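Scroll down for the structure; my scribbles are underneath it.
The values are calculated or read from the model by the stated rules, or taken from the named source; none is laboratory data. Since we're looking at a predicted model, the values are computed, not measured. Cβ sites come from the backbone with ideal geometry, for glycine too, and all protein chains shown count toward neighbours. Accessible surface is based on the protein model in full, side chains and every heavy atom, while ligands, DNA and RNA are left aside. Shrake-Rupley method; radii C 1.70, N 1.55, O 1.52, S 1.80 Å.
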Amino acid sequence: MDTADRLIESTRELLWERGYVGTSPKAILQRSGAGQGSMYHHFTGKPDLALAAERRTVDEMRATVDALLSGPGTARERVTAYLRRERDVLRGCPVGRLTMDPDVVASPELRGPVEELFAWLRERLSALVAEGQAAGEFALGLDPADTAAAIAATLQGGYVLARASASAEPFDRAISGILALLGATR
């Protein structure tokens with residue numbers, strides 16, 4: 001791994017652990033083992049490096065989710081596979097956690113990758129709900145866009161509930177609940 005990659009990977013980890021505000025250039029350099037000159041050789045500063053780290057996280061997450069949502073099985077099975085995939089629930093979502101950071105939310109540039117991922121996810125889930133409706137797996141009365149938003153909100157809220165209780169149980173219950181709600185067919 002070259003120096004730029006070490007800097008990006010270290011920043012990704014720190015953003016997930018500490019958020020943007022809590023991630024200092026010093027911590028990035030310590031974690032990556034890179035010298036200060038290296039950071040400014042590859043990036044214009046912390047915002048530029050954080051944006052590169054965010055984009056990498058978003059790209060990886062999108063690829064993982066897309067593989068599950070495009071994989072084999074019925075629409076319901078693919079939604080279930082996405083919601084039940086292995087996660088470090090108590091760490092939270094590496095992208096969703098960025099929405100709690102005031103500096104990320106205040107910056108259109110830093111907020112951009114987060115917005116893009118969640119918009120893509122809602123569109124993807126909406127299409128899958130519509131596919132499931134056409135196949136008789138989901139109730140016709142569901143609005144696909146609203147249902148997709150509810151799925152995404154339940155997942156992100158499940159992370160919050162799990163972290164608040166230091167237990168994966170609230171997350172698992174939230175996922176079971178949304179899947180039960182989706183279980184109705186024609």
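Looking only at residues in the stretch 100-118 that are open to solvent by 30 Å² or more (accessible area, probe 1.4 Å) and under 14 Å from the mean Cα position of the chain (by Cα), the one that is farthest from residue 67 (Cα to Cα) is 100. Among the numbered conditions (1) touching a residue at least 24 places away in the same chain (Cβ under 8 Å); (2) closer than 22 Å to residue 175 by Cβ, the only one that residue 56 does not meet is (2).
Take the residues of the stretch 55-99 that are among the charged types (D, E, K, R) and outside any helix (DSSP H, G or I): which is most open to solvent (accessible area, probe 1.4 Å)?
The selected residue is 86.
Residue-level check: of (1) in contact with a helix residue (DSSP H, G or I) (Cβ under 7 Å, 6 or more places away or on another chain); (2) open to solvent by 50 Å² or more (accessible area, probe 1.4 Å), residue 26 misses just (1).
Please verify whether the stretch 3-13 includes one or more residues that are buried (at least 19 other Cβ atoms within 10 Å of the Cβ), among the small types (Gly, Ala, Ser), closer than 29 Å to residue 119 by Cα and out of contact with any Asp or Glu (no Cβ under 9 Å at 6 or more places or on another chain). Scanning the stretch 3-13, I find at least one residue that is buried (at least 19 other Cβ atoms within 10 Å of the Cβ), among the small types (Gly, Ala, Ser), closer than 29 Å to residue 119 by Cα and out of contact with any Asp or Glu (no Cβ under 9 Å at 6 or more places or on another chain), so the answer is yes.
Among the residues of the stretch 140-167, the one identified as surrounded by 17 or more Cβ atoms within 10 Å (Cβ to Cβ) and part of a loop (DSSP other than H, G, I, E, B) is 142. Taken as a whole, the condition of being crowded, with 18+ Cβ neighbours inside 10 Å and out of contact with any Asp or Glu (no Cβ under 9 Å at 6 or more places or on another chain) applies to residue 170. Of the residues making up the stretch 126-139, those that are open to solvent by 20 Å² or more (accessible area, probe 1.4 Å), part of a helix (DSSP H, G or I) and either under 17 Å from residue 84 (Cα atoms) or not polar (S, T, N, Q) (or both) are 127, 130, 131, 134. On inspection, residue 123 passes the criterion of being out of contact with any Leu (no Cβ under 9 Å at 6 or more places or on another chain), open to solvent by 20 Å² or more (accessible area, probe 1.4 Å) and more than 16 Å from residue 15 (Cβ to Cβ). If the condition is being among the β-branched types (Val, Ile, Thr) and out of contact with any Ser or Thr (no Cβ under 6 Å at 6 or more places or on another chain), then the stretch 25-73 contributes 44, 57, 58, 64, 65. Here residue 27 does not qualify as more than 22 Å from residue 147 (Cα to Cα), free of Cβ contacts under 8 Å to residues at least 60 places away in the same chain and not in a helix (DSSP H, G or I).
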